[in-house]
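Visitor: My questions all concern the structure below.
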Amino acid sequence: MSWTALDDRATTPRRPHLPLRPLWLCRVCAAPWPCPVARLTLCQEYADDRIALSVYLCTVLHDAAADLYRLNPHDGPDPAALFTRFLGWAKPRGDRVEQVRGESSEAGPASRPTGSR
């Protein structure tokens, strides 16, 4: 193989790991979507806006549940499995949750509103 062939292969764009609807399998690797590559890509795309990622994934979960139910209405998709597949992996880490809520681990009695116990 020549160096030119290697260079051409290195510059060939990769196909994005997008869902094949209504099956909700990855078009590239045939894994249940979002596959690991799609998850990494989504994390990169939404690195600065995790809430937008969650909103997007909720929308996709809604579409997937409807499509998968239409394909197999008797058994239907398991809601807990769909939640884990589409949203469970994208939840923020514990320290980020405290930052989003404005909580601090050092908050003591002085931070409570007056009159509350």
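The values are calculated or read from the model by the stated rules, or taken from the named source; none is laboratory data. Computed from a predicted structure; not experimentally measured. Glycine also receives a Cβ, built like all others from the backbone with ideal geometry; neighbour counts cover every protein chain displayed. To get the accessible areas, we keep the full protein, side chains included, count just its heavy atoms, and leave off ligands, DNA and RNA. Shrake-Rupley method; radii C 1.70, N 1.55, O 1.52, S 1.80 Å.
Visitor: Of everything in the stretch 9-21 that's over 15 Å from Phe86 (Cα atoms), open to solvent by less than 90 Å² (accessible area, probe 1.4 Å) and not hydrophobic (A, V, I, L, M, F, W, C), which residue is modelled with the highest pLDDT?
Guide: Taking the candidates together, the pick is Pro16.
Visitor: Could I ask something else about it? Do we have Val28 as part of a loop (DSSP other than H, G, I, E, B), of a type in the set (Val, Ile, Thr) and either on the phi < 0 side of the Ramachandran plot or loosely packed, with under 13 Cβ neighbours inside 10 Å (or both) here? Full working, then the answer.
Guide: Details: part of a loop (DSSP other than H, G, I, E, B): yes; of a type in the set (Val, Ile, Thr): yes; either on the phi < 0 side of the Ramachandran plot or loosely packed, with under 13 Cβ neighbours inside 10 Å (or both): yes.
Criteria met by Val28.
Visitor: Now for a separate question. Taking the stretch 29-65, which residues are aliphatic (A, V, I, L, M) and in contact with a Cys (Cβ under 8 Å, 6 or more places away or on another chain)? Reasoning before the result, please.
Guide: Keep residues of the stretch 29-65 that are aliphatic (A, V, I, L, M), which gives 30-31, 37-38, 40, 42, 47, 51-53, 55, 57, 60-61, 64-65.
Within the stretch 29-65, Val37, Ala38, Leu53 meet the criteria.
Visitor: Among the helices (runs of 4 or more DSSP H) lying completely within the stretch 31-107, list those that include at least 2 residues that are modelled with pLDDT of 95 or more and exposed (fewer than 12 other Cβ atoms within 10 Å of the Cβ). Spell out the reasoning first.
Guide: Numbers: elements: 36-45, 50-71, 79-86, 94-101.
Those helices (runs of 4 or more DSSP H) span 50-71, 79-86.
Visitor: Are there any pairs, at least 6 apart or on different chains, whose C-beta atoms fall under 6 Å, with the first in the stretch 66-79 and closer than 16 Å to Pro32 by Cβ and the second of a type in the set (A, V, I, L, M), and if so, which?
Guide: Matching pairs, first to second residue: Pro77/Ala65; Pro77/Leu68.
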